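Participant: Questions regarding the structure given below will be posed in turn.
Nothing in this text is a laboratory measurement; each read-out follows from the coordinates by a stated rule. Keep in mind the model is a prediction, meaning the values are calculated, not measured. Heads up, the Cβs are rebuilt from the backbone with ideal geometry, glycines too, and the neighbour counts pull from every protein chain shown.
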Amino acid sequence: MNALVVARWTVLEARRRRLLLAGAILSVAFVALFAVGFFLLYQDQQRALAENPAVGAGVLAAREELLAISTILVVLGLYGVQFLAALLGLFLGVASVSPEIDSGALHAVLARPLSRLEYLLGRFLALAGLLTAYVVVMSGSLLLIARVVAGYQPGDVTRVVGLMVLQVLILLAVSLLGSTVLPTLANGVVMLVLFGLAWLGGIIAFVATIPPGNELMANLGTAVSLLLPADAVWRGASYHVLPPSFLVASSFTNGDNVGIPFASTQPLAPAMLAWALAYPVACLSLAVAAFRRRDL
Amino acid sequence: MSRTASPEQAGAVAGTGSGVPAIATSGLHKAYGSRVALHDLTLAVQPGEVFGFLGPNGAGKTTAMKILLGLVRPTGGEALVFGRPPAEPAARRPVGYLPEHFRFQEWATGAELLDFHGRLAGLGAPERAARIPELLERVGLAGRGGERVRRYSKGMTQRLGLALAILHRPELVLLDEPTSALDPMGRREVRELVRELAAAGVTVFLNSHLLTEVEAVCDRVAIVTQGRVVASGPLDDLAGAVAQLRLLLDRVDREVLALVGRHGQVAKVEGTAVTLAVETLDVAPDLARLLVEAGYRLYGLVPVQRSLEDVFVDLVGEVREG
């Protein structure tokens, strides 16, 4: 199948352009930094609580305090992972088609008995595979470190990783769509603006939940999420990072403290999940339709 | 998506014998917005022909070729390659293509590029293993297949491009300005390759603005300018289409111009030399007799061989002025 030939070629390209090597080195550095930081901060807190139990109110409270610290660190670490993966997905998508058109290298390729659908599918499959591996390895490493150091158990590991992968695939698909219709630089700008907007939409949605709550802002946040559901999906993932005991902890339900700004204490709404699943499929379909009509 | 078709099969698909033209277009039209790149192109290239598509830069040659490869969608008319529309991927299986400026993925090595294209063309692993070193050798890149294309010189990239174009033993090879950036040695090598292909019965469609190139290798030519074919036919006919006679006389007066004007059109008068455009060179003996009978002394009567360049410049010039 020619799509697989293109996918194999795309992975070779990533290797030849030292993308894999650079990605691996930076990832190892990020994970190492997280491991050291998590270990030191956790130990610090442990020691402080042991020396001065009055900070918490007794052993139970101390354990809860440690859990809260771990949770915040894990969420922030995974936030870093999803941010890096999101940018990587955008860059790879932006660079997937239009630079090959601009350089003229695509002409000889598409003059072969290769359909445009097969070409786009091959590009997408290869990049999606690389990004999925990246997200799985990175988020898995972080969760493993938290587990070893602090015995941390997230609510649902599969959903955390699955939704983080979905988020990256959404960004890859939308930037690949852009890459079939826009010049590289214009697409890069559009994608960064969209990405920033989605992030802002998430912040708006978060602020809307601060009591007494604001329906208009919540709707605005949802509207932005529909445009690009990446940040909404991350928030959905972050919900499953939280251990069940954390969610029922009084500090998060008494209304004074609604959570961490970059994460969510609410699961992803089923309708938004459906939209997020349909979104990359729709982007790819549009990309194929647009690319078929495009003159090279 | 199928990889079942082997190159042997592709070889057997040749339109020869079946009477299907290698290339057939009718009323082909392409407009980019308000700019028309190609007007009403109708032509047929038979299997085994070496066809030259000749025109100045920007005449629409590349657009026509891209339509034949399914890279560009025509806004009107129809194009068929061995009887099938080139937008169908399978129709492109027997086609080899050398793009203008031979642009390829520069991060790859020559051998990797050949392997990738071999897979896309449906060559199996054993065939690729045998064919790729053989091709590298043939185009003079033996031992250089492991180097990145980025490090190749222009000449080497062109050789690689030719290897890619003939990789799967195509029945039809489309060459877009194959020599425009090359030195004389490179040009000669391309000419030799085209002759070899022609000898093997492969149809060649050559885009060029270089007349000598086309004159040297092509059987038939179409001259295109501003998106229109202004002349086409076998090379000899085209160059000889407008014959000229050059007359050297003792004197040139109104009477003699009137006399020769009955047999052709006076193109030029220089001193006592008259250049006459005639429909056929057969008028020469009669003209000589008439001139002598009328009392003129005839020092010379020479048919002027018009080169393709003269024809080209005349035709392209006319369109530009018109």
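Participant: How far apart, in nm, are two points set 7 Å out from the Cα along the Cα-to-Cβ line at B:Ala294 and at A:Ile210?
Facilitator: Taking the two extended label points, one gets 10.5 nm.
Participant: Nearest 0.05, what FRET efficiency do B:Glu106 and B:Tyr32 give at R0 = 41 Å with Cβ-Cβ as r?
Facilitator: Calculated transfer efficiency: 0.90.
Participant: Also: Once you have a ≥ b ≥ c as the square roots of the Cα gyration tensor eigenvalues for the protein assembly as shown, tell me rounded if a/c is under 1.5, and otherwise prolate or oblate according to whether a/b is larger than b/c.
Facilitator: Prolate.
Participant: With only alpha-carbon pairs counted, each pair once and no self-pairs, how large is the Kirkwood hydrodynamic radius of the stretch B:167-322 in angstroms?
Facilitator: 18.3 Å
Participant: What distance in nm lies between label points placed 7 Å from Cα along the C-beta direction at A:Ala274 and A:Val157?
Facilitator: It works out to 3.2 nm between the two label points.
Participant: Same structure again: First check a/c for the stretch A:102-233, with a ≥ b ≥ c the square roots of the eigenvalues of its C-alpha gyration tensor; if it is under 1.5, answer rounded, and if not, answer prolate when a/b is larger than b/c or oblate otherwise.
Facilitator: Judged from the Cα gyration tensor, the stretch A:102-233 comes out oblate (a/c at least 1.5, b/c at or above a/b).
Participant: Can you give the convex hull volume per residue for the Cα atoms of the stretch B:175-254, as a whole number of Å³?
Facilitator: Convex hull of Cα atoms, per residue: 169 Å³.
Participant: Ignoring everything except DSSP H segments at least 4 long, calculate the 222 nm mean residue ellipticity for chain B; use -39,500 (n - 2.57) per segment, divide by total residues, nearest 500.
Facilitator: -10500 deg cm²/dmol
Participant: Can I ask one more? Under 5 Å between amide hydrogens, which residues at least 5 positions from B:Ile23 or on another chain qualify, with H placed 1.01 Å from N in the peptide plane?
Facilitator: Here B:Val45, B:Phe82 satisfy the definition.
Participant: R0 = 60 Å: FRET efficiency of A:Leu20 with B:Val304, Cβ-based, nearest 0.05?
Facilitator: Calculated value: 0.35.
Participant: Related question: For the stretch A:2-293, what's the radius of gyration and Dmax over Cα atoms, in angstrom?
Facilitator: 21.3, 75
Participant: In whole Å, what is the distance between the alpha-carbon centres of the stretch B:30-57 and the stretch A:80-136?
Facilitator: Taking the Cα centre of the stretch A:80-136 as reference, the centre of the stretch B:30-57 is 33 Å away.
Participant: Helix-only estimate, please: 222 nm mean residue ellipticity of chain A, summing -39500 (n - 2.57) across DSSP H runs of length 4 or more and dividing by its residues, to the nearest 500.
Facilitator: -27000 deg cm²/dmol, from helical runs alone.
Participant: Sorted from largest down, give the three principal axis spans of the alpha carbons of the stretch B:75-148, whole angstrom values.
Facilitator: Principal-axis extents of the Cα atoms in the stretch B:75-148, largest first: 46, 29, 20 Å.
Participant: Next question. Report for the protein assembly as shown the percent antiparallel among DSSP-assigned beta bridges with both residues inside it, nearest 5.
Facilitator: 65 percent
Participant: Rg over Rh of the stretch B:7-234, using C-alpha atoms and the Kirkwood radius, what does it come to?
Facilitator: Result: Rg/Rh = 0.95.
Participant: I've got another one for you. If I model a spin label as a point 7 Å beyond the Cα along the Cα-Cβ vector, how far apart are those points for A:Met1 and B:Ala267 in nm?
Facilitator: The two pseudo-label positions are separated by 6.3 nm.
Participant: May I ask you to list the GluC sites (Glu not before Pro) in the stretch B:266-306 that are in a DSSP loop and have at most 15 other Cβ atoms within 10 Å of their Cβ?
Facilitator: Within the stretch B:266-306, the qualifying GluC sites (Glu not before Pro) (loop, at most 15 other Cβ atoms within 10 Å) are B:Glu279.
Participant: Would you work out if the stretch B:243-305 is rounded, prolate or oblate? Take a ≥ b ≥ c from the square roots of the eigenvalues of the alpha-carbon gyration tensor; rounded if a/c is under 1.5, else prolate when a/b is larger than b/c, oblate otherwise.
Facilitator: rounded
Participant: Relative to 2.2 N^0.38 Å, what does the C-alpha radius of gyration of the stretch B:11-121 come to as a ratio? Two decimals please.
Facilitator: Cα-based Rg divided by the globular estimate yields 1.16.
Participant: Another question about this same structure. Quick one: compute a quarter of the convex hull surface over the Cα atoms of the stretch A:93-168 and quote it in nm².
Facilitator: Computed as one quarter of the Cα hull surface, the answer is 6.4 nm².
Participant: Excluding B:Gly27 itself, calculate the net charge of residues whose Cβ lies under 13 Å from the Cβ of B:Gly27, where each Lys or Arg counts +1 and each Asp or Glu counts -1.
Facilitator: Net charge in that neighbourhood comes out at 0.
Participant: Taking the stretch B:162-258, which trypsin sites (Lys or Arg not before Pro) meet the DSSP loop condition and have no more than 13 other C-beta atoms within 10 Å?
Facilitator: For trypsin sites (Lys or Arg not before Pro) across the stretch B:162-258 that sit outside H, G, I, E and B with at most 13 neighbouring Cβ atoms in 10 Å, the list reads B:Arg251.
Participant: Using only C-alpha atoms and all pairs of different ones, pull out the Kirkwood radius for the stretch A:33-147 in Å with one decimal.
Facilitator: Evaluated over the stretch A:33-147, this radius sits at 17.7 Å.
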